[in-house]
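The values are calculated or read from the model by the stated rules, or taken from the named source; none is laboratory data. As the structure is a computational prediction, the values presented were derived from the model and not from experiment. Glycine also receives a Cβ, built like all others from the backbone with ideal geometry; neighbour counts cover every protein chain displayed.
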Amino acid sequence: MQKTDVLIIGGGPCGLAAAVGASRAGAKSIILERDSKLGGILKQCIHNGFGLHLFNEELTGPEYAKRWIDKVNTCKDVTVCLNSFAYDIEKNGSSFVVSAYNEEDLIEIEAKSVVLALGCRERPSGAILLAGSRPSGIFTAGCAQKLINIDGKSVGKRVVILGSGDIGLIMARRLTCEGAKVVGIYEIMPQSGGLARNITQCVQDFNIPLHLSTTITRTVGKDRLEGVYVAPVNERLKPVMELEKFVPCDTLLLSVGLLPEIEIAGTFKPEWCPATNSYVVDEYFQTNTQGLFCAGNVLHVNDLVDNVSREGEDAGYFAGLNALNKLKIAPKLTISFDEHIKYTVPKYIYNTGEGEAKISFRVNKNYRRTIIRAMSGGQEISRKPTPAVTAGEMQTVVIDKSKLADDLHLEIQIL
Ligand SMILES: Cc1cc2nc3c(=O)[nH]c(=O)nc-3n(C[C@H](O)[C@H](O)[C@H](O)COP(=O)(O)OP(=O)(O)OC[C@H]3O[C@@H](n4cnc5c(N)ncnc54)[C@H](O)[C@@H]3O)c2cc1C
């Protein structure tokens with residue numbers, strides 16, 4: 001059986017950065033990637049907008065991935081195993097044994113730390129109980145993106161998009177550039193789930209109609225999709241059927257959310273977060289199973305890849321320290337939050353008395369003019385005025401840990 005300090009499952013931006021982080025800690029690592037190439041979802045994202053924060057440049061997805069593949073290639077202590085699908089993790093004393101298969105064989109690798117960097121998958125039509133038959137022409141947005149950008153195929157001519165997450169918005173622009181007519185994007189919520197820049201650059205700049213508080217009630221078509229029925233929804237998100245109308249189209253793209261690829265660690269029962277559908281982690285990106293780390297989109301859906309890389313590098317670094325028995329643990333403090341916030345990553349920080357802790361979180365709807373306050377021991381220890389916070393954009397606060405007196409509480413004060 002092969003042995004390593006850190007085993008990283010997934011060779012997307014998170015896994016690549018985790019290998020760089022593990023190397024910085026002085027640990028050996030192996031990346032297991034099921035695909036024949038590194039880069040994860042970035043390989044099919046040929047639009048630009050990646051790397052603005054880390055490289056101060058607007059890179060395409062493949063260019064951004066290349067930067068990190070080059071970094072990994074300079075680390076002598078990283079082994080990359082492509083075409084290797086990890087399917088099980090077992091605990092073996094203080095180590096883990098990960099089982100995988102590649103083109104030739106079943107393999108087992110023993111590691112002191114494991115970093116889960118498996119990304120997420122799209123919710124399909126079955127997950128949203130979309131009524132109607134199952135004609136061809138219904139795709140998830142990421143699947144259509146792969147067909148167009150990697151396989152060079154056309155998916156349709158007259159397109160409706162359900163959901164206004166970033167993938168749907170980006171595909172609206174991509175299909176328009178490819179000569180298709182995007183007749184409308186229908187979003188059940190009163191606000192888009194995408195980044196403000198994608199609403200401007202992908203929808204408004206191309207005059208694509210975005211219908212908020214509206215959903216698709218059923219699909220129509222036998223062999224190929226012929227159209228969809230749409231209806232506005234009431235305040236309880238129920239369609240108002242008297243206002244239902246038919247929209248002819250031959251293609252429907254679904255952009256209705258992403259689910260973390262978390263099943264591989266199903267035999268463990270680390271603390272769970274229902275809001276992210278994934279594990280709870282501390283500030284080292286470690287779950288409450290010692291040695292099991294989790295970061296990137298498998299931990300929570302990020303809107304910027306730069307944040308994924310930062311998380312991955314930290315997770316890999318701390319996983320490396322754990323493998324080398326150098327990870328310092330101080331008293332654990334819990335982060336709680338008010339009703340405007342859905343979740344925080346991490347949930348626990350360590351009271352080391354020095355340094356900073358970066359906390360990412362999402363709010364449950366859009367708010368204008370707010371102050372993000374961090375409280376500890378009844379005192380305000382951080383205050384961040386913001387012109388607006390939106391459900392589609394990840395928020396962050398940085399805490400000076402020398403000010404922590406007790407557990408941390410985050411709240412959104414609406415002005
Ligand atoms: C359509 C789209 C557009 C985007 N646009 C932008 C943008 O403009 N700007 C921006 O900053 N960000 C953007 N993002 C976000 C960014 O691409 C993601 O946040 C990032 O790719 C997540 O990285 P990850 O490593 O966590 O996951 P992924 O990139 O999904 O990588 C996970 C890897 O794990 C592998 N894997 C999964 N299961 C296994 C297994 N069992 N065994 C072995 N390997 C496995 C997968 O093959 C994959 O390579 C976009 C994302 C999408 C989908």
Selection status of residue 56, under 30 Å from residue 178 (Cα atoms) and either within 12 Å of the ligand (Cβ to nearest atom) or outside the structural domain of residue 145 (by TED's automatic domain parsing) (or both): yes
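Residues are listed down the side, and each one gets a yes or a no for (1) modelled with pLDDT of 95 or more; (2) under 17 Å from the mean Cα position of the chain (by Cα); (3) not in a helix (DSSP H, G or I):
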residue: 134; (1), (2), (3): no, no, yes
residue: 154; (1), (2), (3): no, no, yes
residue: 159; (1), (2), (3): yes, no, yes
residue: 164; (1), (2), (3): no, yes, yes
residue: 167; (1), (2), (3): no, yes, no
residue: 172; (1), (2), (3): yes, no, no
Members of the range 24-49 that are of a type in the set (Gly, Ala, Ser), modelled with pLDDT of 95 or more and either within 9 Å of the ligand (Cβ to nearest atom) or buried (at least 24 other Cβ atoms within 10 Å of the Cβ) (or both): 27, 29, 39, 40
Condition met for residue 149 (closer than 19 Å to residue 11 by Cα and surrounded by fewer than 21 Cβ atoms within 10 Å (Cβ to Cβ)): no
Residues of the range 307-339 satisfying the condition of being in contact with a strand residue (DSSP E or B) (Cβ under 8 Å, 6 or more places away or on another chain), more than 19 Å from residue 288 (Cβ to Cβ) and among the polar types (S, T, N, Q): 307
Within the range 63-81, tally of residues that are under 22 Å from the mean Cα position of the chain (by Cα) and within 11 Å of the ligand (Cβ to nearest atom): 3
Strands (runs of 3 or more DSSP E) completely within the range 25-93 that count 2 or more residues being within 18 Å of residue 116 (Cα to Cα): 29-32, 78-81, 85-92
Some residue of the range 205-219 being surrounded by fewer than 19 Cβ atoms within 10 Å (Cβ to Cβ), in contact with a Pro (Cβ under 9 Å, 6 or more places away or on another chain) and in a strand (DSSP E or B): yes
Conditions (1) modelled with pLDDT of 95 or more; (2) of a type outside the set (Phe, Trp, Tyr); (3) more than 16 Å from the ligand (Cβ to nearest atom); number of the one not met by residue 114: (3)
Any pair with Cβ under 6 angstrom, 6 or more apart, that starts in the range 1-17 at a residue that is without any contact (Cβ under 8 Å) to a residue 40 or more places away in the chain and ends at one that is crowded, with 24+ Cβ neighbours inside 10 Å and not in a loop (DSSP other than H, G, I, E, B): none
Residues located in the range 228-252, provided they are closer than 12 Å to residue 184 by Cα and either among the small types (Gly, Ala, Ser) or not in a strand (DSSP E or B) (or both): 249
Residue in the range 300-309 that is crowded, with 19+ Cβ neighbours inside 10 Å, within 14 Å of the ligand (Cβ to nearest atom), among the small types (Gly, Ala, Ser) and under 30 Å from residue 215 (Cα atoms) present: no
